[in-house]
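First the structure, in the form of structure tokens, and then the observations on it.
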Amino acid sequence: MAHISSSVYTSHIPAIGAALDLGKTHEAYWQRVFQGYEFSKQWMKEHKPDVIFLVFNDHATAFSLDMIPTFAIGTAAEFKPADEGWGPRPVPKVIGHPELASHIAQSVIQQDFDLTIVNKMDVDHGLTVPLSLLCGQPQAWPCPVIPFAVNVVQYPVPSGQRCFNLGQAIRRAVESFDEDLNVQIWGTGGMSHQLQGPRAGLINKEFDSAFLDQLIADPAALAQKPHIDYVREAGSEGIELVMWLIARGAMADVAGGKPPRMAHRFYHVPASNTAVGHLILENT
Ligand code: DHB
Ligand code: FE
């Protein structure tokens, strides 16, 4: 059967993609960000999964006010890097895993979560920047990726509790797939940031640090944090952090297994307008 071996959490700041694509990684400003991912790139090589289930948010790129799915699973065979206004990023196309994605859709919908099934979607920085941070600049991504888009852009957004419960349903779905696959689940976005209005530029290190502590040690309690607390304390775009609870909910301890091992933790301010957070948790 398939299983979830570990979860990876990271910010997805678009300027990180630009720094990589434009060859600016050696600059002192960016060195401070990328050094936090040196361990992770090596770890990815040593823990190469068969599939990555990548929870991210679309930034009005594939979706718009025309159509706003709360949870959308990518079941296509491939997904192109999106043109976000200055041409697509020069990164490999994403190869999907239609069989596992369709199985997860079937299982999770039957567990009473309404998913939108997406057979055509270009993927924006929310998905490609985390892949770049963990995998570097390869000719092809190391394995198939199932994109799972969450609406955290247009209100109403899903609660942390719903995301945490959904993660548990995704774990059950993966574990009922009849092929021996090593699956990683990634939660992306955040950490604290606000890009607009009078509070633009807001960063809250205390909130971020407490969020990381609680995500590791007591995610069930963290899941009860109301969405408005994210917006007040972590900024309007800090709400992206609820997506981390989907990945955390899929870990073994939530289903009565052993606590995960923390392989890596990194936090840095600033990158662009955002606090960068990154965590790797392994099932033991
Ligand atoms: C920035 C961060 C984001 O998460 C995003 O989606 C867009 C921009 C920023 O830091 O500028
Ligand atoms: Fe974002």
**Request:** Treating only the Cβ atoms of Lys and Arg (+1) and Asp and Glu (-1) as charged, compute the dipole magnitude of segment 3-282 about its Cα centre; round to the nearest 20 debye.
**Result:** 480
**Message:** Using helices alone, I'd like the mean residue ellipticity at 222 nm for the chain: each DSSP H run of four-plus residues gives -39500 (n - 2.57), total over residue count, nearest 500.
**Reply:** -10000 deg cm²/dmol
**Asked** Got a sec to turn the phi values of segment 93-99 into Karplus ³J(HN,Hα) couplings, 6.51 cos²θ - 1.76 cosθ + 1.60 with θ = phi - 60°, whole Hz, x for Gly and Pro?
**Response** 5, 8, 8, x, 9, x, 5
**Item:** Dipole in debye (nearest 20) - segment 26-130, about Cα centre, beta carbon charges: Lys, Arg +1; Asp, Glu -1
**Value:** 360
**Asked** Can you list the HN-Hα couplings for segment 231-236, worked out from phi with the Karplus curve (6.51, -1.76, 1.60; θ = phi - 60°), rounded to whole Hz and with x for Gly and Pro?
**Response** 5, 5, 9, 10, x, 4
**Complete:** Counting sequence-distant residues (5 or more places) and residues on other chains, those with an amide H built under 5 Å from that of residue 202 are 194
**Complete:** In vacuo Debye sum over C-alpha of segment 222-284, base-10 log of normalised intensity I(q)/I(0) at q = 0.16, 0.28, 0.30 Å⁻¹, listed in q order, is -0.66, -1.19, -1.23
**Item:** Euclidean distance between Cα centres, segment 214-275 to segment 167-209, Å
**Value:** 7
**Prompt:** Nearest 0.05, what FRET efficiency do residue 39 and residue 66 give at R0 = 35 Å with Cβ-Cβ as r?
**Reply:** 0.25
**Asked** How would you rank 241-254, 217-230, highest first, on the average number of other Cβ atoms within 10 Å across their residues?
**Response** 241-254, 217-230
**Request:** May I ask you to derive the relative contact order of segment 1-138, considering only C-alpha pairs under 8 Å and at least 6 residues apart, and to give it as an integer percent?
**Result:** 36
**Item:** Hull-based mean projected area of the chain, where the convex hull spans the alpha carbons, in square nanometres
**Value:** 13.5
**Prompt:** Of the listed peptides 66-78, 10-22, what is their order by residue-averaged count of other C-beta atoms within 10 Å, with the highest listed first?
**Reply:** 10-22, 66-78
**Message:** I'd like the projected area of segment 160-213, averaged over all directions, using the convex hull of its alpha carbons. Report it in nm² with one decimal.
**Reply:** 5.5
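The numbers here are math on the coordinates, done by the rules we state, and not lab data. Remember, predicted model here, so these are calculated numbers, not experimental data. Methodologically, a virtual Cβ is constructed for each residue, glycine included, from the backbone with ideal geometry; neighbour enumeration extends over all protein chains shown.
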